[in-house]
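All of the numbers you see were taken from the coordinates with simple rules; none came from a lab. Quantities reported herein were computed from a predicted structural model and do not represent experimental measurements. Neighbour counts run over all protein chains shown; Cβ positions are idealised from the backbone, glycine included.
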Amino acid sequence: GAGVSQSPRYKVAKRGQDVALRCDPISGHVSLFWYQQALGQGPEFLTYFQNEAQLDKSGLPSDRFFAERPEGSVSTLKIQRTQQEDSAVYLCASSLGEGYQETQYFGPGTRLLVL
Amino acid sequence: AQSVTQLGSHVSVSEGALVLLRCNYSSSVPPYLFWYVQYPNQGLQLLLKYTSAATLVKGINGFEAEFKKSETSFHLTKPSAHMSDAAEYFCAVTQGTGAQKLVFGQGTRLTINP
């Protein structure tokens with residue numbers, strides 16, 4: 001079956017622009033995660049949804065970052081007034097259930113470059 | 001809070017040689033541990049995971065890892081490296097309380113020499 005998909009794959013934004021990154025999780029997956037991966041680093045947690053409920057947003061770096069999953073499926077990560085330090089790969093992952101041992105399946109990521 | 005340390009940001013081995021990628025974790029409660037592999041311009045793919053069953057875990061592509069509580073380690077090994085193993089490898093941990101998020105190490109880039 002289809003895996004996690006993300007769009008766009010690449011995004012170039014001018015500093016100050018708003019961007020929206022989309023994630024389509026595996027159908028039926030309850031849990032959805034967003035991670036940020038800076039160049040040469042491991043991914044860092046941003047936020048977590050269980051169905052449409054955002055249960056953890058402790059990793060969002062500022063109030064310019066906003067995520068939603070209104071119908072418990074597709075999710076959008078929005079970054080307002082982008083800054084150069086926002087340049088990174090944004091990874092989305094989904095898992096079937098809610099347990100801590102659940103495998104998270106990752107999408108290919110959106111590479112954001114802010115000029 | 002849990003954390004992961006991967007010793008060695010770059011590891012280089014010859015084709016056919018043993019692969020050993022090191023991971024140490026810090027967790028105040030029993031952890032769940034994962035190894036992921038990332039090929040260029042791709043997302044992360046699960047290699048294997050430890051979830052408190054057998055301490056020796058076998059994964060895909062001939063990789064395995066052993067959970068050693070006394071050493072707080074979860075090193076990844078493969079007896080014989082293949083050129084296709086060249087990639088970035090990440091160790092990650094969740095713990096059975098609080099958030100379900102993965103906490104990743106900084107990664108180890110594995111290079112295979114012909």
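In which sequence would B:10, A:29 go, from the one with the fewest C-beta neighbours within 10 Å to the one with the most? Don't skip to the end; give the middle numbers.
On the way: B:10 9, A:29 19.
Ordered from fewest to most neighbouring Cβ atoms within 10 Å, B:10, A:29 come out as B:10, A:29.
Measuring between alpha carbons in the structure, the pairs from B:49/B:101; A:57/B:68; A:57/B:69; A:78/B:101; A:14/A:57; A:57/B:58 lying more than 22 angstrom apart are A:57/B:68; A:57/B:69; A:14/A:57; A:57/B:58. Multiplying each eigenvalue of the alpha-carbon gyration tensor of segment A:23-72 by 5 and taking the square root yields semi-axes of 20, 14, 8 Å, largest first, rounded to whole angstroms. Distance between the 7 Å Cα→Cβ label points at residue A:71 and residue A:39: 3.8 nm.
Take each residue of peptide B:34-44, count the partner chain Cβ atoms within 10 Å of its Cβ, and average: the result is 5. With springs only between Cα atoms under 10 Å, which of B:27, B:80, B:70 fluctuates most in a Gaussian network model of chain B? The residue that fluctuates most here is B:70. In peptide B:101-113, how many Cβ atoms from other protein chains are near each Cβ within 10 Å, on average? Mean shielding by partner chains, rounded to a whole number: 4.
Across segment A:16-31, rounded Karplus estimates of 3J(HN,Hα) from the backbone phi angles (6.51 cos²θ - 1.76 cosθ + 1.60, θ = phi - 60°) give x, 6, 8, 10, 10, 10, 10, 10, 10, x, 5, 4, x, 6, 7, 9 Hz, Gly and Pro being marked x.
Summarise the partner chain shielding of A:44-56 as one whole number: the mean count of Cβ atoms from other chains within 10 Å of each residue's Cβ. Could the numbers behind the result be given before it?
Working: counts 4, 6, 1, 1, 3, 0, 1, 0, 0, 0, 0, 2, 4.
Per residue, the number of nearby Cβ atoms from other chains is 2 on average.
In units of the rule-of-thumb radius 2.2 N^0.38 Å, segment B:20-90 shows an alpha carbon radius of gyration of 1.11.
For residue A:115 and residue B:106, FRET efficiency with R0 = 25 Å and r from the beta-carbon atoms, rounded to 0.05? Walk me through the intermediate numbers first.
Numbers: r = 26 Å, r/R0 = 1.05.
Step by step, r from the Cβ atoms, then E = 0.40.
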